[in-house]
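Enquirer: Could you have a look at this structure, given as structure tokens, before my questions?
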Amino acid sequence: MKTSWGVQTSWRVLFLIVVAAEGFHFAVWQTLLILVVYVVLEYFDQWLSKIAKTKAVGKAIDDVVYGWHTVPDDPTLEVKDEWSRTKLVGSEQILVARIAELLREMLR
């Protein structure tokens, strides 16, 4: 079941909560309270997961785009830590930066 704010809850879990509440002879208001708390916590968990995913993707993009330094001996190469690559020239570098920004926006 997907609610209006984007939470994907499991019908099985909701069913098990209702069955367990009935087995423990909980009142209806207690069962509803447990269901509401479950849905809220599920929303919070998915929200935190989305934030972590967005940060991880942003960090990966930043690692690819930024922090490269030109090799003094060979100006056609760039290095970062133990990695090296062919240096991107003007329009290619702009294109890579724009694609990186587009990917960030798509993943939000």
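Every number here is computed from the coordinates shown, using simple stated rules; none is lab data. None of these values were measured; they are calculated from a predicted model. Quick reminder, even Gly has a Cβ in these numbers, built from the backbone with ideal geometry, and neighbours come from all protein chains shown.
Conditions tested, residue by residue: (1) in contact with an Asp or Glu (Cβ under 6 Å, 6 or more places away or on another chain); (2) of a type in the set (Val, Ile, Thr).
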{"residue": "LEU48", "(1), (2)": "no, no"}
{"residue": "GLY58", "(1), (2)": "no, no"}
{"residue": "ASP62", "(1), (2)": "no, no"}
{"residue": "ASP73", "(1), (2)": "no, no"}
{"residue": "ASP81", "(1), (2)": "no, no"}
{"residue": "ARG85", "(1), (2)": "yes, no"}
{"residue": "VAL89", "(1), (2)": "no, yes"}
{"residue": "GLU92", "(1), (2)": "no, no"}
{"residue": "LEU95", "(1), (2)": "no, no"}
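Enquirer: Another question, then. Collect the residues in region 78-103 that are part of a helix (DSSP H, G or I), of a type outside the set (D, E, K, R) and within 16 Å of ILE61 (Cα to Cα), keeping them in residue-number order.
Expert: Answer for region 78-103, where residues must be part of a helix (DSSP H, G or I), of a type outside the set (D, E, K, R) and within 16 Å of ILE61 (Cα to Cα): GLN93, ILE94, LEU95, VAL96, ALA97, ILE99, ALA100, LEU102, LEU103.
Enquirer: Do we find a residue being under 24 Å from the mean Cα position of the chain (by Cα), on the phi < 0 side of the Ramachandran plot and among the small types (Gly, Ala, Ser) anywhere in region 19-35?
Expert: no
Enquirer: Which condition from (1) out of contact with any strand residue (DSSP E or B) (no Cβ under 7 Å at 6 or more places or on another chain); (2) of a type outside the set (Phe, Trp, Tyr); (3) not in a loop (DSSP other than H, G, I, E, B) is the one that ASP74 breaks?
Expert: Condition not satisfied by ASP74: (3).
Enquirer: Look at ARG104 and say whether it is surrounded by 10 or more Cβ atoms within 10 Å (Cβ to Cβ) and not hydroxyl-bearing (Ser, Thr, Tyr).
Expert: Criteria met by ARG104.
Enquirer: Exactly one of (1) assigned to a helix (DSSP H, G or I); (2) without any contact (Cβ under 8 Å) to a residue 40 or more places away in the chain; (3) not basic (Lys, Arg) is unmet by VAL57. Its number?
Expert: With (1) assigned to a helix (DSSP H, G or I); (2) without any contact (Cβ under 8 Å) to a residue 40 or more places away in the chain; (3) not basic (Lys, Arg) applied to VAL57, the lone miss is (2).
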